[in-house]
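Asker: Would you mind keeping the following structure in view while I ask a few things?
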Amino acid sequence: MSSAYVSSDEIRDQFSSAMSAMYRQEVPQYGTLLSLVETVNQEVLAANPALNSTLQKSDELARINVERHGAIRVGSASELAMLRRMFAVMGMEPVGYYDLAAAGVPVHSTAFRPVADRALKRNPFRVFTSLLRLELIEKTELQEQASVILSDRDIFTANVKILIERFEQQGGLNAEDAEQFVQEALETFRWHDKATVDWTTYERLHDEHRLIADVVCFRGPHINHLTPRTLDIDEVQRLMPSVGIDPKATIEGPPRRNCPILLRQTSFKALEETIAFADAAEGKHTARFGEIEQRGIALTHKGRALYDRLLAAARENAPTAADNDAHQAHLAEVFKAFPDDYATLHRDGLAFFHYQAAQGASVAGSVTLEQVESLIEQGALKITPMIYEDFLPVSAAGIFQSNLGGSSHENYASSASQQQFEQALGAKVIDEIELYAQRQQASLEQALAQLAG
Ligand code: OOG
Ligand code: NI
């Protein structure tokens, strides 16, 4: 009986809160960040009753301080493929392809996340998952050594593999299995302060690229950050030093706007942690940090092209002093070219929306696309922004780089290879823009059917 199974949404919810508890214990400074985010969120809500009631109505207030994403990095195709099956138990599918090699980070990535409206609303938790591209290491001897080390480890517990198979065969897990699954899955993400290699090997891999050492030298792909939602990212960035947290220099993504677009993110710098190497030498490794995010409306291909163009322009003529205030002021100037009201964003086809039929409104017959605009103007059709659920490659590269101790690597010449990534994953990644377009279309059809009522 299928009702005996716990829903994937519920398992994901349990997993994200178990991960949060584990990470707070592992990285106390992350707990400090969570408290700061909560304080600022409460201040914003107190000062903004309209926002408070919108969030309450949409059922979001209760989850306001819950994490929105985390990130891991894995070393091999088989690890990535098993992760895909593990995330599927939690209703998380691979969405989007991100090439970071172009930005000097030898990985390519996807985001495992829920895709349906209802699932996103229940808990949108995502995991940004990167696969190391060993083929980008020029020294073949080092490349081989790294792949031998990786082939020796199993990042999954025996029990979690049994439970994943059971889920696949039965189509669900009962309450007891689901609970055990969450505990066993958590083991994959746990921190290990003992490296699997000796100090010399670590150093050699580290010298090639710090990220390679991080992926290759440990028993598992420790969660390297978690990211709660903030209602005022500028304020949290400003306040971080006052609670003893060292933020990265600038907030990534678009500037502050009336109609927020895409995603803004910032993080605190990764902490130096003591590691015991296999030859008993002691050393330091930096990998783990905390991040915050603030999301806005999802953009169409056209809107995204405009965003990419403006961001590139802003970066090209960036002021040399890269403190956050100067950076934000500069961005705000450049982004004046991006319409900042929902009506225009809709009319110009720059962003994605949800539609609702206004109470009591109705139309006769079928509606053409042009009529949709006038129905909105007349107030018969309401639009609300569809939130961006994905990531941004330039921002992600900025987050990676700020945690690589500033020792930026020159860009890798090799091109993006989505096909190679999908082969490792054992599945295709879902096109994120396609997904927003489908959700918008479904919402429009439903609203029009209601109007035709
Ligand atoms: C992932 C960095 C990217 C984001 O939010 O863009 C990321 C990593 O450091 O492994 O998490
Ligand atoms: Ni992140």
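Bear in mind these aren't lab numbers, they're just calculated from the coordinates by the rules spelled out. Everything numeric in this text was worked out from a predicted model, so none of it was measured. Note that we place each Cβ from the backbone using ideal geometry, even for glycine, and neighbour counts take in every protein chain shown.
Asker: Starting from the alpha-carbon convex hull of segment 91-247, give the projected area averaged over all orientations, in nm².
Answerer: 12.8
Asker: Net charge near Thr227: determine it from the other residues with C-beta under 11 Å of the C-beta of Thr227, scoring Lys and Arg +1 and Asp and Glu -1.
Answerer: Here the count lands on +1.
Asker: Determine the sum of side-chain charges near Gln419: Lys and Arg each +1, Asp and Glu each -1, restricted to other residues whose C-beta is under 15 angstrom from that of Gln419.
Answerer: Neighbour charge sum, excluding Gln419 itself: -2.
Asker: So which lysines pass the test for Lys57, namely a Cα distance under 19 Å, with those fewer than 8 places away in the same chain ruled out?
Answerer: Within reach: Lys121, Lys382.
Asker: Specify the longest stretch of the chain that does not include any exposed loop site, a site being one of the trypsin sites (Lys or Arg not before Pro) with a non-H, G, I, E, B DSSP assignment and at most 13 other Cβ atoms within 10 Å.
Answerer: The answer is 140-427.
Asker: Could you list the GluC sites (Glu not before Pro) in segment 363-453 that lie in coil according to DSSP, counting only those with at most 14 other Cβ atoms within 10 Å of their Cβ?
Answerer: Answer by residue number: Glu410.
Asker: Just to check I understand the Karplus step: with θ = phi - 60° and J = 6.51 cos²θ - 1.76 cosθ + 1.60, what whole-Hz values come out for segment 218-235, glycine and proline as x?
Answerer: Rounded to whole hertz, the list is 10, 5, x, x, 2, 4, 9, 6, 10, 9, x, 8, 10, 8, 8, 5, 5, 5.
Asker: Any idea what the dipole of the chain comes to, in debye rounded to 20, about its Cα centre with Lys/Arg Cβ at +1 and Asp/Glu Cβ at -1?
Answerer: The calculated dipole for the chain is roughly 720 debye.
Asker: Per the helix-only calculation at 222 nm, which mean residue ellipticity applies to the chain, given -39500 (n - 2.57) for every DSSP H run of n ≥ 4 and division by its residues, nearest 500 deg cm²/dmol?
Answerer: Computed ellipticity for the chain at 222 nm equals -14500 deg cm²/dmol.
Asker: Can you give the translational diffusion coefficient of segment 9-75 in µm²/s, computed by Stokes-Einstein from the Kirkwood radius over Cα pairs at 25 °C and 0.890 mPa s?
Answerer: D, rounded to a whole number, is 179 µm²/s.
Asker: Rank these for me by crowding, Ile245, Ile72, going from fewest to most other beta carbons within 10 Å.
Answerer: Placing the least packed residue first, the sequence is Ile245, Ile72.
Asker: May I pose another question? Calculate the radius of gyration of the Cα atoms of segment 352-453 to one decimal place, then report Dmax, the largest Cα-Cα distance, as a whole number, both in Å.
Answerer: Taking only Cα atoms of segment 352-453, I get Rg and Dmax of 21.2, 64 Å.
Asker: Another one. Computed over the Cα atoms of the chain, what is the ratio Rg over Rh, Rh following Kirkwood?
Answerer: With Rh from the inverse mean 1/r over Cα pairs, Rg/Rh is 0.97.
Asker: In straight Cα distance, which lysines are under 28 Å from Lys248, not counting same-chain residues fewer than 8 positions off?
Answerer: Partners found: Lys194, Lys269, Lys284, Lys336.
Asker: State the answer as a single residue: which of Ala213, Ala358, Leu100 lies farthest towards the positive end of the charge dipole of the chain, with beta carbon charges of +1 for Lys and Arg and -1 for Asp and Glu, about the Cα centre.
Answerer: Farthest towards the positive end: Ala358.
Asker: Then there's this: Which of the helices in the chain meet the span-like rule: DSSP H, Cα axial reach of 20 Å or more, Kyte-Doolittle mean at least -1.0?
Answerer: Those that clear 20 Å and a mean of -1.0 are 28-47, 175-188, 301-316, 432-452.
Asker: Let me ask something additional. Quick one: of the DSSP bridges fully inside the chain, what percent are antiparallel, nearest 5?
Answerer: Just about 80 percent of them are antiparallel.
Asker: Neighbour counts of other C-beta atoms within 10 Å: give me Ser415, Ser7, Ser374 arranged from fewest to most.
Answerer: Fewest-to-most Cβ neighbours within 10 Å comes out as Ser415, Ser374, Ser7.
Asker: Of Ala47, Ala111, Ile149, which is farthest along the charge dipole of segment 1-159 in the positive direction, counting Lys and Arg as +1 and Asp and Glu as -1 at C-beta?
Answerer: Ala47
Asker: Can you give the net charge of the other residues whose Cβ lies under 12 Å from the Cβ of Glu252, counting K and R as +1 and D and E as -1?
Answerer: +1
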